[in-house]
Amino acid sequence: MQYQSTRDPNTVVSSSEAILRGLAPDGGLFVPQEFPKADLDSWRQLSYPELAAKVLSLFLTDYQEDFLRQAAEQTYGAAFSGKAGWVEKVRDGLFSLELWHGPTCAFKDYALQIMPKLLVQAKKNLNRSETTRILVATSGDTGKAALAGYAGLEGIEIAVFYPNAGTSEIQRLQMVTQTGDNVAVYAVNGNFDDAQTGVKRVFGDPTVAQELEKRGIRLSSANSINWGRLAPQIVYYFYAYFRLAEQGAVAWGEPVDFCVPTGNFGDILAGYYAKRMGLPVGRLVCASNRNNVLTDFIRTGVYDARREFFKTDSPSMDILISSNLERLLYHVSGDSAKVAGWMKDLAKKGTYTVDAGTLAAIQQVFACGCADDAVCAQEIRQRFEQDRYLCDTHTAVAFRVAEQEHRDVPMVVLSTASPFKFPRQVLRALGGDVPESDFAAMAALTARTGCPAPETLRTLDRQPVRFNTIIEPSEIRSAALR
């Protein structure tokens, strides 16, 4: 399997090279040149690690299958407490794919616990011995998951940039208390888009690459712009479908819809790859919060990031420039020149408009909707009072949009974070008194619902803070060179 840039079909690399580079030299994203076909009948009874190895082996063809099997077993075993790909019935026809049973209590664990193994092996596959410096822009969950995955690995350094005052307190503490001599964390004055744009500029700056090369260092990324982040997320769509079929919730071969709380468009794009591989995915429903740039785009074909940015109770979705959408645009248009033009317009003007054919192709697969904080608070309360199901603020966005877009087929909501990562917001939605401290709120939320908080979150306030540097977006370049 070879990979090419979304902006230049002449830039072609192996899967190892795609994972090691992260971003194509022209600023495009690497995409597979074909969609491999799933063997649904032989996969349906596999364990989660076995299924992960099968799916990844179709995309990472320059990796040994024995390595992929071992990496999957090491990743999705004890660290996920036996709940990898866990599907919970909420009520008839509505299910929650709980993706937060990993070590950092967010869906990013599915990729960022195995991706470090893939990157280290990529260097071996390519006979590369330089130090790899990973730069990560995060709206909250990616930062901790990446830090946890890469901490302590030989030959790897990682720097994470998050929006100052733009994450939950739990998310911030997860990052700034991270141990390891090879990690660094920076708060950026601005929003996630400021951090992401700053990191992208570093990747596109040849003077940075030249300076680091003198020191035997090459850059890479752990954001979902990296194919090594996206590929592992394809697996849980298959696993969820198999579990629904096993439970009799869907007849084998009949469609299932998935509703995904969406920020950078990587998680929902993984569902698109699963569909193209042959999984009976009906519709992929893109759920946005008040920063509803994707809702407007899917409805109109106009992507316009020139709008007010809102800080919401679902901060991981507070994004106006959804990088992975570029991959979808390439797949549905098949035209790298068009994609390059749209991305140039976005960079220069803050907006672009796709042609009617491209929009129609997107609308055949994707539906959309959005919900603000007040509506999501209502959803949290309703799901708990009516179904005894406790969800976080991001999942609540998806539940509300799923309700709006529900058809006469099973609907699976991707639950992307533990409710205890946002305890004050969830407790407030339930109508309880809300303490100032997130940790007191965790205890109160457990008392209110009977649901235990994950120990890794409960004990965060006992960990020493290691990182407290605040920088401007213009200083990301110098931080990357430290």
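The values are calculated or read from the model by the stated rules, or taken from the named source; none is laboratory data. In this text, all values refer to a predicted model and were calculated from it rather than measured experimentally. No Cβ is skipped: glycine too gets one built from the backbone with ideal geometry, and neighbour counts run over all protein chains shown.
Annotation: residue 47 fulfils all but one of (1) closer than 30 Å to residue 246 by Cβ; (2) touching a residue at least 40 places away in the same chain (Cβ under 8 Å); (3) of a type in the set (Ser, Thr, Tyr); (4) surrounded by fewer than 22 Cβ atoms within 10 Å (Cβ to Cβ); the unmet one is (2). Within segment 362-381, the set of residues being in contact with a strand residue (DSSP E or B) (Cβ under 8 Å, 6 or more places away or on another chain), farther than 15 Å from residue 394 by Cα and of a type in the set (A, V, I, L, M) comprises 365, 367.
Being basic (Lys, Arg) and within 30 Å of residue 253 (Cα to Cα) is the requirement here; does residue 477 meet it? So residue 477 fails the test. Counting only helices (runs of 4 or more DSSP H) that fall entirely inside segment 427-482 and contain at least 3 residues that are touching a strand residue (DSSP E or B) at 6+ places or on another chain (Cβ under 8 Å), the qualifying elements are 476-481.
Looking across 309, 258, 265, one residue alone is touching a Gly at 6+ places or on another chain (Cβ under 7 Å) and either among the charged types (D, E, K, R) or in contact (Cβ under 8 Å) with a residue 60 or more places away in the chain (or both). It is 258. Tallying residues that are among the aliphatic types (A, V, I, L, M) and surrounded by fewer than 22 Cβ atoms within 10 Å (Cβ to Cβ) within segment 177-200 yields 1. In segment 245-277, the residue that is nearest to residue 402 (Cα to Cα) out of those that are surrounded by fewer than 24 Cβ atoms within 10 Å (Cβ to Cβ) and small (Gly, Ala, Ser) is 249.
Scanning segment 13-31 for residues that are touching a helix residue (DSSP H, G or I) at 6+ places or on another chain (Cβ under 6 Å) and either assigned to a loop (DSSP other than H, G, I, E, B) or closer than 29 Å to residue 252 by Cα (or both) yields 23, 29. When 203, 161 are checked against the criterion of being modelled with pLDDT under 95, crowded, with 18+ Cβ neighbours inside 10 Å and not acidic (Asp, Glu), 203 stands alone in meeting it. Kindly evaluate residue 412 against the criterion of being more than 20 Å from residue 311 (Cα to Cα), in contact (Cβ under 8 Å) with a residue 60 or more places away in the chain and out of contact with any Pro (no Cβ under 8 Å at 6 or more places or on another chain). Spelling it out, residue 412 is indeed more than 20 Å from residue 311 (Cα to Cα), in contact (Cβ under 8 Å) with a residue 60 or more places away in the chain and out of contact with any Pro (no Cβ under 8 Å at 6 or more places or on another chain). Scanning segment 366-396 for residues that are of a type in the set (S, T, N, Q) and in contact with an Asp or Glu (Cβ under 6 Å, 6 or more places away or on another chain) returns a single hit, 393.
Here residue 480 passes the criteria (1) touching a residue at least 60 places away in the same chain (Cβ under 8 Å); (2) under 21 Å from the mean Cα position of the chain (by Cα) except the one numbered (2). Residue 34 falls short on exactly one of the conditions (1) farther than 21 Å from residue 135 by Cα; (2) surrounded by fewer than 17 Cβ atoms within 10 Å (Cβ to Cβ); (3) touching a helix residue (DSSP H, G or I) at 6+ places or on another chain (Cβ under 8 Å), and that condition is (3). Being among the polar types (S, T, N, Q) and modelled with pLDDT of 95 or more is true of residue 416. When segment 229-251 is filtered for residues that are of a type in the set (S, T, N, Q) and over 15 Å from residue 48 (Cα atoms), only 247 remains.
A single member of 396, 441, 429, 367 is crowded, with 24+ Cβ neighbours inside 10 Å and within 21 Å of the chain's Cα centre (by Cα), and it is 396. Comparison of 429, 367 shows that the only residue that is in contact with a Ser or Thr (Cβ under 9 Å, 6 or more places away or on another chain) and modelled with pLDDT of 95 or more is 429.
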